[in-house]
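The values are calculated or read from the model by the stated rules, or taken from the named source; none is laboratory data. Nothing here was measured: the structure is a model prediction, and the numbers come from that model. Quick note on the areas: whole protein, heavy atoms, side chains included, nothing else; ligands and nucleic acids left out. Shrake-Rupley method; radii C 1.70, N 1.55, O 1.52, S 1.80 Å.
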Amino acid sequence: NVDECSTGTHNCHSNSNCTDTTGSFTCQCHAGYSGNGTRCEEYSPVVDCKEPTVTNADYITTTGSTTVRHTAIVVCKSGYTRNGQWAAIRCLESGYWSIFKCERPRCTNSTTTDLKGQFFWGITPAGDSQTIPCPVQTRTGAQNTGRDEYAVRGCNDSTQQGHTGDWNWSEPDTSRCQFKSIVTRELQNFSTIISNTSDVSVVVKAASRVAHLTENATTLTSADVDFTSIFLQNLASASPNLVLDRNTVALIQGTFIAIVDNILDVNTDVLQGKPAARITQATEYLFKSLPLSSNVTINHSERNIASI
């Protein structure tokens, strides 16, 4: 009897065991391999990922099998990632499907800056809005709840047609926030005070303060000019109803002219539209309703006002 296993005349695979028998031999694959002994391949058990599930999917279609390397088609519900389009997932050797999520689109981190300060907006799901505290809080301590001083911004569908377009940030609503500039906040305050008082001393002091705040025209913002024009408008409207002597009339008119002269030195791009119209109307009204004091010279301002 010839031992083919010993003489090496067998044809067993390198990953198999050769066993001599009377007149012949047998081949058996090693553990972890499969085959007929003359051909042995590493054993790969059938990996089945089972039926896939994806949250917020409209439907999922498998391509004939759920075993390893096969794919499935996922279509998300309306309003979620890949809205109306398909995405492929694959059965992995781990026995799990490749990761895919049907998520609502979202607006990414963003920073905006205006005259109220700098605002930091975090990731927000599509269709939602975000509310954040104002950079400048006028209330402190226990009173500062942040509920009445906040900014709002929405993550909106730019097409407004079934949430199928791009999702973009809307313009921030910072109307409840205080201005960052102390000068702006003062001018805003005085524009309101002047329309709610009949106290001559309050009017004179307010006008004097506004004249001082607007002296450096190059630093004035569009908001500063806007509030100053409202102040002048309210001052012109209030003055005829005040009990004034000649000296006080001269003082108010002189201060009014000083404020106008200050404002006329700002950039022409800032002094347009409503502020320019308010100043022109206020000037005309004030000097028609109050007799011009002999102590007031308005020639310079008349020329400048005419150029608005």
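Here are the numbers for the structure shown:
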{"read-out": "Portion, in percent, of the accessible area of the range 216-292 that falls on carbon or sulfur, probe 1.4 Å", "value": "50"}
{"read-out": "Set of aspartates and glutamates with alpha-carbon distance to residue 101 below 15 Å, sequence-local pairs under 8 removed", "value": "58"}
{"read-out": "Taking the C-alpha atoms of the range 1-101, convex hull volume expressed per residue in Å³", "value": "104"}
{"read-out": "Rounded, prolate or oblate (a/c below 1.5 giving rounded, otherwise prolate when a/b exceeds b/c) for the range 3-46 by Cα gyration tensor", "value": "prolate"}
{"read-out": "GNM flexibility winner over the chain from 215, 42, 284 (Cα, springs under 10 Å)", "value": "42"}
{"read-out": "Distant-in-sequence amide H partners of residue 37 (H built 1.01 Å from N, under 5 Å)", "value": "29"}
{"read-out": "Residues whose placed amide H lies under 5 Å from that of residue 107, excluding near-sequence neighbours", "value": "124, 126"}
{"read-out": "The range 168-295: C-alpha gyration tensor shape, a/c 1.5 cut-off, then a/b vs b/c", "value": "prolate"}
{"read-out": "At least 30 Å along the helix axis (C-alpha) and Kyte average at least 1.0, DSSP helices within the chain", "value": "none"}
{"read-out": "The range 54-82 versus the range 161-222: alpha-carbon centroid distance in Å", "value": "54"}
{"read-out": "Where the Cα pairs of the range 61-120 fall when distances are cut into 5 Å bins, in %", "value": "4, 17, 16, 14, 11, 10, 7, 6, 5, 4, 3, 2, 0"}
{"read-out": "Per residue, in Å², the accessible surface of the chain once ligands and nucleic acids are set aside, probe 1.4 Å", "value": "59"}
{"read-out": "Carbon/sulfur fraction of accessible area - the range 1-150, other protein chains in place, 1.4 Å, %", "value": "47"}
{"read-out": "Of 183, 46, 136, the one that fluctuates the most in a GNM where the chain has Cα springs shorter than 10 Å", "value": "46"}
{"read-out": "Taking all pairs of distinct alpha-carbon atoms in the chain, Kirkwood radius in angstrom", "value": "27.2"}
